[in-house]
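The values are calculated or read from the model by the stated rules, or taken from the named source; none is laboratory data. Fair warning: this is a prediction, and the values are worked out from it, not measured in the lab. For neighbour counting, all protein chains shown are included, and Cβ atoms are generated from backbone atoms with ideal geometry for every residue, glycine included. Just the protein is used for accessible areas: all its heavy atoms, side chains included, with ligands, DNA and RNA removed. Shrake-Rupley method; radii C 1.70, N 1.55, O 1.52, S 1.80 Å.
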Amino acid sequence: MMANGKTPKPKTCPICSTEYIPRSSLQKVCHNYKCAIAFNKQRHAEIAAREQRKREREQSADLRQRREALKTISDWNKEAQAAVNKFIFWRDYGKPCISCERQLNYGVRGGAVDASHYRSRGAAPWLRFNVFNNNSSCVVCNRDLSGNPIPYRINLIKKYGLEIVERIEHDNKTRKFDIDYLKRVKSIFKRRARHYEKLRKRYSEAA
Ligand SMILES: [Zn+2]
Ligand SMILES: [Zn+2]
């Protein structure tokens, strides 16, 4: 009988696997002192490993912070644009080239599908993160034909309507983006890209 009046239930020793009747509810191993020592060693090793993992996490967070502090506005610009382009890839997944309407190979990212700006980044840099101004296109239209703008415009109207296309065409309000803004763009579009990626993959699995 234990202090609380209940008959103690037999336990299995986690070290040697024999069954034993514990003397108190705090007893973790059988009555063999060797098991007690082994159990203690195990516990200490677990605690040490946990502390080591925590130190490693803190170090990598620290490293990341220092690396981020060294980034220039041009680095943030590239990362923000990459996040937006990835979002465009998954948003337009399965759709043909916005300009020539040829079927695109979405098998590999960074391969046959480009994020093509209707108004180029050079001509209208303030529209470089605009999601209407940025659509999936083939490499030939985007790189060799400078976006292939005449059919691009026709298909852009089909996709979003004339009003949005004209709004893009008439938007000449120059805007400069600071690092905080670029960080926000990156994090927002990273999340949106992931959301669309999951959606597309779920859909293609179901099909
Ligand atoms: Zn034991
Ligand atoms: Zn094309």
Report summary line: Given Cβ charges of +1 for Lys and Arg and -1 for Asp and Glu, the option among Ile73, Pro149, Ala38 whose Cα lies farthest towards the positive end of the dipole of the chain is Ala38
Report summary line: Nearest-0.05 FRET efficiency for Ser120 and Gln59 at R0 = 30 Å, using Cβ-Cβ distance, is 0.10
Query - Alpha carbon centroid spacing (whole Å) that separates region 21-35 from region 77-106 - result: 63 Å
Requested in this report: Can you work out the accessible area per residue across region 74-141, with the rest of the protein chains kept in place, probe 1.4 Å, in square angstrom?
Outcome: 41 Å²
Requested in this report: Determine which aspartates and glutamates satisfy two conditions relative to Lys11: a Cα distance under 19 Å, and not lying fewer than 8 residues away in the same chain.
Outcome: Glu19
Report task. Using only alpha carbon positions, build the gyration tensor of the chain, then give the equivalent ellipsoid semi-axes as the square roots of 5 times its eigenvalues, largest first, whole angstrom. Result -> 61, 22, 15
Query raised in the report: For helix 179-206, what angle does its Cα long axis make with the longest principal axis of the chain, in degrees from 0 to 90 and rounded to 10?
Result: 80 degrees
Requested in this report: State, as an integer percentage, the relative contact order of the chain based on alpha-carbon contacts under 8 Å between residues 6 or more apart.
Outcome: 20 percent
Query raised in the report: So which residue, out of Ala69, Ala45, Ala61, gets the largest mean-square fluctuation from a GNM of the chain using Cα contacts under 10 Å as springs?
Result: Ala45
Query - Cβ-placed point charges (K, R +1; D, E -1), dipole of region 30-70 about Cα centre in debye, nearest 20 - result: 80 debye
Requested in this report: With a 1.4 Å probe and every protein chain kept in, tell me what percent of the accessible surface of the chain is carbon plus sulfur.
Outcome: 54 percent
Report task. Report, in deg cm²/dmol and to the nearest 500, the calculated mean residue ellipticity at 222 nm for the chain, where each DSSP H run with n ≥ 4 adds -39500 (n - 2.57) and the sum is divided by the residue count. Result -> -18000 deg cm²/dmol
**Report entry** Anchor Lys201: lysines whose Cα lies under 18 Å away (excluding residues fewer than 8 positions away in-chain)
**Finding:** Lys86, Lys95, Lys190
Query raised in the report: How about region 15-61: which trypsin sites (Lys or Arg not before Pro) there are in a DSSP loop, with at most 16 other Cβ atoms within 10 Å of their Cβ?
Result: Arg23, Lys28
